[in-house]
Amino acid sequence: MGSNRSNSNNGESDELVSKEIFTTGEAAGLCNISQQTIIRCFDRGRLHGFRVPGSRFRRIPREELIRFMRENDIPTGNLEPSSKRVLVVDDDEMIIDLFREVFAPDERFEIKTATTGYDAGVLTEQFRPELLILDYMLPDVNGNVVCKTVRRNSDLAHTKIIVVSGVVNQDEVEELLKAGADVFVKKPFNIDKLIERVEELLAI
């Protein structure tokens, strides 16, 4: 009987972490704090959500709960997958293929790719990458613009950015770092060393 109860709880836990909207009680359980604390944070505007029409019940969207947990140093492991989301943006198909070969078989990563700044913008909103590997010179935009766009989005505050290029000078590198890039890597690069930088940035 004990085994059955455990399996049931595990099923409930799996169902809970896949939800998009949480009650205050569910949020409290995921944060490992009291429900009253969650309610106080909600009522004081520190945790955003909405009230169920015609009732006193509060509801909290998934992304908002994750933001609240991050801001308060509460582990988000129960809500976020263990693999790291990586978006590679480059108009060179050989570079795209290289990163696919490196990241796709590695269970630590989930990878998506784009070849234009426009596609990168759409994917960034949908995919919410934890790491963006970005070519400086794209067909429709340069790396500075992409970096600034990402840094203006509070939902992407934790996204790390690696810019790769073979054609920029030192002044342009400094501008990229000011725009929000975390690391600049010159092409051609050593893939093993670049992966080491990825592991450092993502703390894995």
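For the reader, a short list of remarks on this structure follows.
- When residue 157 is tested against (1) closer than 22 Å to residue 199 by Cα; (2) among the hydrophobic types (A, V, I, L, M, F, W, C); (3) modelled with pLDDT of 90 or more, only condition (3) is not met.
- Qualifying residue in segment 159-174 (condition: in contact with a strand residue (DSSP E or B) (Cβ under 8 Å, 6 or more places away or on another chain) and among the polar types (S, T, N, Q)): yes
- Residue count, segment 161-198 (criterion: surrounded by 12 or more Cβ atoms within 10 Å (Cβ to Cβ), among the charged types (D, E, K, R) and under 20 Å from the mean Cα position of the chain (by Cα)): 2
- For residue 113, the criteria (1) in a loop (DSSP other than H, G, I, E, B); (2) polar (S, T, N, Q); (3) crowded, with 17+ Cβ neighbours inside 10 Å hold in every case but one, which is (1).
- Unmet criterion (only one of (1) more than 16 Å from residue 162 (Cα to Cα); (2) part of a helix (DSSP H, G or I)) for residue 120: (1)
- Count of residues meeting criterion [part of a loop (DSSP other than H, G, I, E, B) and either in contact with a Pro (Cβ under 8 Å, 6 or more places away or on another chain) or charged (D, E, K, R) (or both)] in segment 49-70: 2
- Annotation: of all residues in segment 123-138 being in a strand (DSSP E or B) and over 17 Å from residue 203 (Cα atoms), the one that is modelled with the lowest pLDDT is 137.
- Given (1) surrounded by 20 or more Cβ atoms within 10 Å (Cβ to Cβ); (2) at pLDDT below 95, index of the condition residue 47 fails: (2)
The values are calculated or read from the model by the stated rules, or taken from the named source; none is laboratory data. What you are looking at is a predicted structure, and each value in this text was computed from that prediction instead of being measured. Reconstructed Cβ throughout: ideal geometry from the backbone, glycine too, with neighbour counts over all protein chains shown.
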